[in-house]
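Readers should treat all values here as calculations from the given coordinates under stated rules, not as data from a laboratory. Note that the structure is predicted; figures quoted are calculated from it, not measured. Neighbour counts are summed over all protein chains in view; Cβ atoms, including those assigned to glycine, are modelled from backbone coordinates with ideal geometry.
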Amino acid sequence: MIESPVRSSPLPQAFQNGEIHDWYRTVWGYSDHLVASLLDEFGAKRKSTMRVLDPFCGSGTTLVECMKRGVDSAGIDANPVSCLAARVKTNWSLKPERLLDLLDEVRAAYQAHRSNTTYSDPTYIYLEDSGMISRGWISPEPLRKALVLKRCLGALDTNNVYRQALTLLLLDTLLRTASNVKFGPELYCAKRKDNADVIGDFSARVKTMAEDLDLARHTSLGSRSRVIEGDSRNSGAMKERLGGPRFSHVICSPPYPAEHDYTRNSRLELAFLEKVSDRDSLQAIKRNMVRSHTKGIYSEDADSDNVSTDKTLNGLVRRIDRAAATKEHGFAKLYSRVTTEYFGGMKRHLESLHPILRRGATLAYVVGDQSSYLQVPVETAKILGSLAEQVGYDLVEIRHWRDRSSRSRAKTIVENILILRKSF
């Protein structure tokens, strides 16, 4: 039983140490402090008419920060893992006491089945067939323990809301404790672990979630959040599913055109959710994403048609193609295609978004300039700002946010906040 602390005021400042956010974080997630500062700048306050959309919501950073301020919000993401994380993090109705009771049941079931083999589990079959086990993503014994825990969660006598919450913590335990996966910032496999305390670390995470929920229920301001799994390039088609009035603000960080496979960073989690079981199921997820890497380009892709006459992009394409002309590897030949598909997809996203925004809506896009494609500079914010103006937005500001070092290249990456406003 958790004692209920007495709190004088329900303020976002009551959350100081990553509460709720730390239930599951993605490596490419952006700072909750940045989101908080943008919300404060935009005048977020309790009972306001503000309604925020994050069309690339990831693990729910924007949505959680909105809930802390009593602001209604909604998120869209194509990755099932991200959607699970965002839904769990924005459900503050979960009862801490019930979670702890379920933890006792899980621990008892785990002890009863701790020696079970898991070779017939669909997750194990995919990890073995895909070569992820042999390549060292996760070692056999930690994997076996994680799969036993997965089976125990599936057998719980509870509703799907609590099962999803516990499953999210299993995914976090899987990634941080059981696996050999590290991020630097790209995913790589570190030294293989012979063993891991999967149930112990999972138990600690459940207790932390219970503590955070106890804090949340004493700071909750009654806001609502909705998470939709889908393609943000078709945001307008999700109007009914997103519910409520039009959005007054957008705060998000879309993919960068930087040769990052965003599904690779969550491949273990996707396997544990049984959302990926073969190449076709993986590609089905990738096809709903803005194109940002050469392994996610398909013959039928046509977003580049949206920007075929753009002079800036045509000049960029010529520079990339000149740099690729002397390269022998096949991916280099796709670099210019990825670039136009990316910006074409983002233009389609902005067009689709326009009808579900209020007149005068303010949009903040956190994006990074890149030189991933043969060192040809790509001024992401500047190009997106120009495309936004073409489809009915005013470019308010390109604000420098931070510089960060690229570990793969001795180069500084500039990240900006692109501020737009719906002009009509």
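Expressed to the nearest 5 percent, the antiparallel share of DSSP beta bridges inside the chain is 60 percent. Loop-located chymotrypsin sites (Phe, Trp or Tyr not before Pro) in segment 259-368 (DSSP state not H, G, I, E or B) with no more than 16 neighbouring Cβ atoms inside 10 Å: TYR298. Principal axis analysis of the Cα atoms in the chain yields extents of 65, 55, 38 Å, listed in decreasing size.
For segment 203-243, the list of trypsin sites (Lys or Arg not before Pro) that fall in a loop by DSSP and count at most 16 other C-beta atoms within 10 angstrom reads ARG224. Taking amide H as placed 1.01 Å from N in the peptide plane, the amide H of ARG402 sits under 5 Å from that of GLU415, each at least 5 places away or on another chain. Net charge around ALA112, counting only other residues with Cβ within less than 12 Å of its Cβ (Lys, Arg = +1; Asp, Glu = -1)? Cβ neighbours under 12 Å give a net charge of +2. Multiplying the residue separation of THR208 and ASN159 by 0.36 nm and removing their Cα-Cα distance gives an extension gain of 15.6 nm.
Charge tally around ALA78: other residues with Cβ under 10 Å, Lys/Arg +1 each, Asp/Glu -1 each, net 0. When you work out D = kT/(6 pi eta Rh) for segment 96-217 at 20 °C and 1.002 mPa s, using the Kirkwood radius from C-alpha pairs as Rh and the Stokes-Einstein form, the result is 142 µm²/s. Highest mean first, the peptides 141-149, 22-30, 68-76 sorted by other C-beta atoms within 10 Å per residue fall in the order 68-76, 141-149, 22-30. The count of lysine pairs in segment 96-217 with alpha-carbon distances below 24 Å, taking only pairs 8 or more places apart or on different chains, stands at 9.
Per the Debye formula on identical point scatterers at the alpha carbon atoms of segment 202-327, with no solvent, log10 I(q)/I(0) at q = 0.14 Å⁻¹ is -0.98.
Calculated translational diffusion coefficient of segment 10-134 (4 °C, 1.567 mPa s; Stokes-Einstein with Kirkwood radius over alpha-carbon pairs) equals 75 µm²/s.
Dividing the helix sum by the residues of the chain, where each DSSP H run of 4 or more adds -39500 (n - 2.57), gives a mean residue ellipticity at 222 nm of -12000 deg cm²/dmol.
Would you tally the net charge around THR294, using a Cβ to Cβ cut-off of less than 13 Å, leaving THR294 out, and scoring K and R as +1, D and E as -1? Net of charged neighbours comes to +3. Looking at GLN375, PRO80, SER386, which one has the Cα that reaches farthest to the positive end of the dipole of the chain (charges on Cβ: Lys, Arg +1; Asp, Glu -1)? Highest projection toward the positive end goes to SER386.
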